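Read-outs: derived from the displayed coordinates by stated rules, not from any lab. Because the structure is a prediction, the values reported are computed rather than measured. In this analysis, Cβ positions are derived from the backbone assuming ideal geometry, glycine residues included, and neighbour counts consider all displayed protein chains.
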């Protein structure tokens, strides 16, 4: 199994008004290496998407629930799974050394 990772920064605002940066890692897995050895989506594309989603909205508004790293990981996965067919998981780090991972249940 071959893995490709994209790491991006998601800048968010909490209901309190405090700003918070999350590190997001999207992990794609495939049976064969990518011919050009590149990720299917650029880091800048993911960061711009997050900026557009979170402009003038808090994480609570976007997630529809109290924000947690686990919920952010699922939101990122579900937002990108249709555009990245081999997306296997997302990892979110709200602070150095701490990670939440979202992997969908096998079908």
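For the reader, a short list of remarks on this structure follows.
- Where only DSSP H runs of four or more residues are counted, the chain gives -8000 deg cm²/dmol as its mean residue ellipticity at 222 nm, each run worth -39500 (n - 2.57).
- Acute angle (nearest 10 degrees) that the helix 43-54 long axis makes with the longest principal axis of the chain, alpha-carbon atoms: 30
- Ranking of 80, 75, 49, 99 by neighbouring Cβ atoms within 10 Å, starting from the fewest: 99, 49, 80, 75.
- Going by neighbour counts of Cβ atoms within 10 Å, the residues 95, 107 line up, fewest first, as 107, 95.
- Extended-chain gain in nm, criterion 0.36 nm per residue less alpha-carbon gap, residue 55 and residue 30: 5.6 nm
- Calculated Kirkwood radius over Cα pairs in Å (choose from [x] 16.0; [y] 14.3; [z] 13.6), label: [y]
- With both labels modelled 7 Å from their Cα along Cα-to-Cβ, the residue 20 to residue 5 distance reads 2.2 nm.
- Inter-part distance where the stretch 48-96 and the stretch 1-46 are each reduced to a Cα centre, Å: 10
- Nearest 10 degrees, 0 to 90: helix 69-80 Cα axis against the chain principal axis: 50
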